[in-house]
Amino acid sequence: MIKKIKIDEQPKDDFFRILTHELKSPLTPIQTYLPLLLSEKLGNLNKEQKDALNTISKNIDRLSHLILDVLTLSRLESKEIKFNFENISINKVIENTIKNLKWEAKEKNIEINTFFSNLPLIEGDSERLGQVFHNLIENAIKFTPEKRRIDISSEKKGYSFIISVKDKGIGISSRNLNKIFDKFYQVDTGLDRKYRGSGLGLTICQGIVKAHGGEIKVKSELKKGTTFKIILPYKTLGKPTEAFGEIIGGGH
Ligand code: ADP
């Protein structure tokens, strides 16, 4: 029986790995040729042709995002993902993420305010944590009506860092709140749904935060807004948490 389960699980992992790889490889030449075509280096285009290629390009980007998300998730689940742990500034990672999302916020006239505590460096993978904040802030923008605000804060409490992303958007009902970290889960799945996405973002966020020894929490009220909190253990490379706690004055 045990043997059977093991045999059954292995092909599933292999299937995902092979599938994502096979889906990714034909995208590479498409993503190489599309900009060449669009820049008219391979010949002039009329307006209709340009519009058609722009639509293709946008959808190829979505497809490649989705494939990358599935790949990241399967690597997180199989623990094959590689993390590049360094001593990093969380505030800087968040600032860079906000810069990357500046235009999305501007388009909706949404103000992003930061309330950063002066934090010491912490052990983490800046790219992967950047991915977490990107997803949370992008969601906050996506699910918040125009002209509202998003507040992002960071603080140190005892041996933990707490980062919160608070929006005044559409909110999530308590019925749906415990499902949002599930794979492919989206609150709005109707054919006429307004919001795009794969429902993988939060699952990936949770996996990355857990790999840092942390946790992610959410509070939400329908039509009032949502707050995500990331709690990361305060530790630095090469120093055990307690020792570092003493250096900076203990965990109170
Ligand atoms: P995606 O955004 O790609 O659909 P996520 O895993 O990031 O996938 O989010 C899952 C679902 O949780 C979203 O589809 C949405 O219904 C809900 N959600 C996430 N963040 C928010 C938010 N800030 N406000 C309201 N709903 C949210």
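Taken together, the values in this text are just the output of simple stated rules run on the coordinates, not laboratory data. On a predicted model such as this, the values are computed, not experimentally measured, just so you know. Every residue, glycine among them, receives a Cβ derived from its backbone with ideal geometry; neighbour counts consider all protein chains shown.
Tabulated results
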| item | result |
| --- | --- |
| Degrees separating the helix 27-38 axis from the principal Cα axis of the chain, which is the longest one | 60 degrees |
| Residue of LEU34, LEU121, LEU76 that the Gaussian network model of the chain assigns the largest fluctuation, springs spanning Cα pairs under 10 Å | LEU34 |
| Built amide H within the under 5 Å cut-off of SER160, gap 5+ | TYR234 |
| Given charges at Cβ of Lys, Arg, Asp, Glu: the chain dipole, positive-most of SER64, LEU222, GLY199 | LEU222 |
| Folded to 0 to 90 degrees: helix 201-211 orientation relative to the chain principal axis, Cα | 40 degrees |
| Partner lysines for LYS157 [C-alpha distance under 24 Å; skip if fewer than 8 residues away on the same chain] | LYS92, LYS166, LYS210, LYS217, LYS219, LYS229, LYS235, LYS239 |
| Most mobile of GLU107, GLU138, GLU86 in a GNM of the chain (Cα contacts under 10 Å) | GLU107 |
| Packing-based exposure ordering (other Cβ within 10 Å, fewest first) of ASP69, ASP167, ASP51 | ASP51, ASP69, ASP167 |
